[in-house]
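Here is the structure we will look at.
The values are calculated or read from the model by the stated rules, or taken from the named source; none is laboratory data. The structure presented is a predicted model; accordingly, all values stated were derived computationally and were not measured. Glycine also receives a Cβ, built like all others from the backbone with ideal geometry; neighbour counts cover every protein chain displayed.
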Amino acid sequence: MAKAPRDPRIDLNNATSEELEAIEGIDGERARLIIEHRSERGTFRSWEDVLSVPGIDSVLLGKLQEGSSLGAAAMSPAEGAGDAAREGAGTATGAAKTKRSGGGGEIGDMTALEQIVGLILLDMAAAEAYRVAIAACKTPEIKRQLEAFRGDHERHARELSDALGASLPDQPDERGQCIRRYTELSAREERTALVAMRGNEELTNDAYASALASDLPDDVRRMVEANWQDERRHIRWINEEIRTRGWELPEVPAALAEAA
């Protein structure tokens, strides 16, 4: 039997500090916390375990998932659910490619196609995260705005699925499950709810910007660009709301940070 190809990503459960720092967004302090958490609590068996590391939010989790793996732990039961979700995404990718080949222009770049399916899953996860955040808010104005943003994400997922000729997945993928769990842990009241949603919107903004760099048919590109404008509007409103309400945490002076 042929051996499975080796995953080129580093194994988060064995990575050195230097290897971790090579991942975008992971500095020396976060690398230290990852290693310390791993040493004290044992192997990371799921990406939700990684979210329990201090300083790791949904944005950094996404970067870790891109640049690392969980090695042998990826075959654990917790990872099995993620594998099933990824298999569902793969089925959606195949269906989309087949149906678009009949008209409207086929996405010939498989990487681009996978990115669009990834956007659909990410928009679904963002909509669920907004649902959690809305429940933590009491101010009617904030709740109304977050409801509108949630509706945007649901519409984005539907429109992209329709454009690809694929059905919406039945369940979120592993990253989507982690995003929801992160929001549930973080969004305790309005301030923390908005801070959590800012992190989630940063993740979706980055994903849309990355997709626009791919080889997309004109109709899909226009849709992705329009959705990205919505995402940018979301994060501008959240940033402004955090700023005007004085909910932004003060920056630690460099001298104090170094002393700590």
- Just one of (1) hydroxyl-bearing (Ser, Thr, Tyr); (2) within 19 Å of Asn200 (Cβ to Cβ); (3) at pLDDT 90 or above trips up Ser58, so point out which. (3)
- Task: Name every residue in segment 155-178 that is in contact with a Ser or Thr (Cβ under 8 Å, 6 or more places away or on another chain) and among the polar types (S, T, N, Q), in order of residue number.
- Result: Ser161, Ser167
- Note on the structure: Checking Arg158, Arg222, Arg131 in turn, the sole residue that is closer than 24 Å to Ser46 by Cβ and of a type outside the set (Ser, Thr, Tyr) turns out to be Arg131
- Query: For the subset of segment 14-55 comprising residues that are surrounded by 12 or more Cβ atoms within 10 Å (Cβ to Cβ) and among the hydroxyl-bearing types (Ser, Thr, Tyr), which member is modelled with the highest pLDDT?
  - Reply: Ser17
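Identify all residues within segment 226-260 that are in a loop (DSSP other than H, G, I, E, B) and either modelled with pLDDT of 95 or more or touching a Lys or Arg at 6+ places or on another chain (Cβ under 8 Å) (or both); write none if there are none.
Of everything in segment 226-260, those that are in a loop (DSSP other than H, G, I, E, B) and either modelled with pLDDT of 95 or more or touching a Lys or Arg at 6+ places or on another chain (Cβ under 8 Å) (or both) turn out to be Arg245, Trp247.
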